[in-house]
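Notes to accompany the following structure.
The values are calculated or read from the model by the stated rules, or taken from the named source; none is laboratory data. Not measured: the values here are computed from a predicted model. Cβ coordinates were reconstructed from backbone atoms using ideal geometry, including for glycine residues, and neighbour counts include every protein chain displayed. Note: accessible area is taken over every heavy atom of the protein model, side chains too, but ligands, DNA and RNA are not part of it. Shrake-Rupley method; radii C 1.70, N 1.55, O 1.52, S 1.80 Å.
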Amino acid sequence: MAFKFYEQIKTQELPSMEIDNVQAFLKDFSVSEDLEKPITSGLFRLKAGESLKYTYTYHEMKFIVEGSFIIEDETGQKVSAKAGDLFYFPKGTSITFSTNNFGLGFFCGQRGEGEA
């Protein structure tokens, strides 16, 4: 089986997540064909403004590629994340994402395409 190549995904336009007053953008780039344990990866961008509140219905890893995020969970844990940082969000975790400028993260989640 041949590998798949996705050229320069960082430069591609990401569609809006269409959440009122939140400048959040997300695109699934690569999706496994394993229906029992799907894996989906892509990019998430957030611009300054309203925060994004999100509850994970799947396990996800997020690597901060550019910019910065302020990431807070329902326990009160809060991190100022910058490029090079890695997060694991267990299924069921409620997260608030915000940024003072912008943040770009690469994600890999245990979900099917479009299930974010």
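Before moving on, here are some points about what is shown:
- Using a Gaussian network model of the chain in which every pair of alpha carbons under 10 angstrom is joined by a spring, one finds that among Val79, Val31, Val22 the greatest mean-square fluctuation is at Val79.
- Taking the 1.4 Å solvent-accessible surface of the stretch 1-81 as the whole, the part contributed by carbon and sulfur is 51%.
- Close amide H partners of Ile95, meaning residues 5 or more places away or on another chain with modelled amide H under 5 Å apart, are Tyr54, Thr55, Tyr56.
- Reachable aspartates and glutamates from Lys53, criterion Cα separation under 15 angstrom, eight or more residues apart if same chain: Glu18, Asp20, Glu72, Asp73, Glu74
- Each label was represented as a point 7 Å from its Cα along the Cα-to-Cβ direction; for Cys108 and Ser32 these points are 1.0 nm apart.
- Assigned charges on the beta-carbon of Lys, Arg, Asp, Glu; the stretch 1-107 dipole about Cα centre (debye): 240 debye
- Listed by chain and number, the aspartates and glutamates whose C-alpha is less than 13 Å from the C-alpha of Lys47, apart from same-chain residues fewer than 8 away, are Glu66.
- Calculated on C-alpha atoms, the gyration radius of the chain divided by its Kirkwood radius gives an Rg/Rh of 0.95.
- Note on Lys37: lysines with a C-alpha under 22 Å away, same-chain residues under 8 apart excluded, are Lys4, Lys27, Lys62, Lys91.
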